Amino acid sequence: MGFCIHLNHICNRANKMLGFITRFSGGISSPAALCSLYSSFVRQLVEYASPVWSPYTNGAKMRLEDLQRRFVRLVGVRLGFNYMEVPVRALSCELNLPSLALRRDVADVVLLLKITNGLIQCPDLLAEIDFRVPTNTRSRDLLSHRYHLTNFDFNSPLARLVRLGNLVAAECDPFFDGIPQIRSRAFRILSISDT
């Protein structure tokens, strides 16, 4: 079951907030102003504490992405497109709105960075993260992978953080680079690995 109830709750709240923005921003046609409203009132709802509850099933991911697609279609209608003819992908790029899944992955990497660098004091979580001791293997991973018996365990928050952390750590130094540099590199690296 996981976080299904939580996901339903935040999707309902975000849908209501998106409806509120749609109804009460009728006089606003500026994409920048609409994006500001979306980021402030909708996106923050679906990103709060996402490293804990981030979904791994395609259906749950699509429910969240549908929220952003609805918003992009709203902006497209305000720009003069018909609702079903809005070029969602192109307009999302133009508005600088990466997918919510990519933003959740970057939030995971930033959380891992904060835990391993002591910016978040949580010794219990830090004890669960194993750094890989270099041996004569081809692996260049910074963190050790654990064997997972179930799909649920494989997609648990800590296992997901380790996988994403290894992807990003291959191209940057998580102990030297600051959070802004790691965040921007994570967006670049993870967006390439998503495609």
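Here, each number is a calculation from the coordinates, and none is a lab measurement. Note that the structure is a prediction, hence the values are computed from the model and not measured. Backbone-built Cβ (ideal geometry, glycine too); neighbour counts: all protein chains shown.
Which one is surrounded by the fewest Cβ atoms within 10 Å (Cβ to Cβ), of the residues in segment 147-184 that are farther than 20 Å from Pro98 by Cβ and touching a strand residue (DSSP E or B) at 6+ places or on another chain (Cβ under 8 Å)?
Step by step, filter segment 147-184, then rank; the result is Asn166.
Residue by residue through segment 6-21, note down the ones that are touching a helix residue (DSSP H, G or I) at 6+ places or on another chain (Cβ under 7 Å) and among the small types (Gly, Ala, Ser).
Ala14
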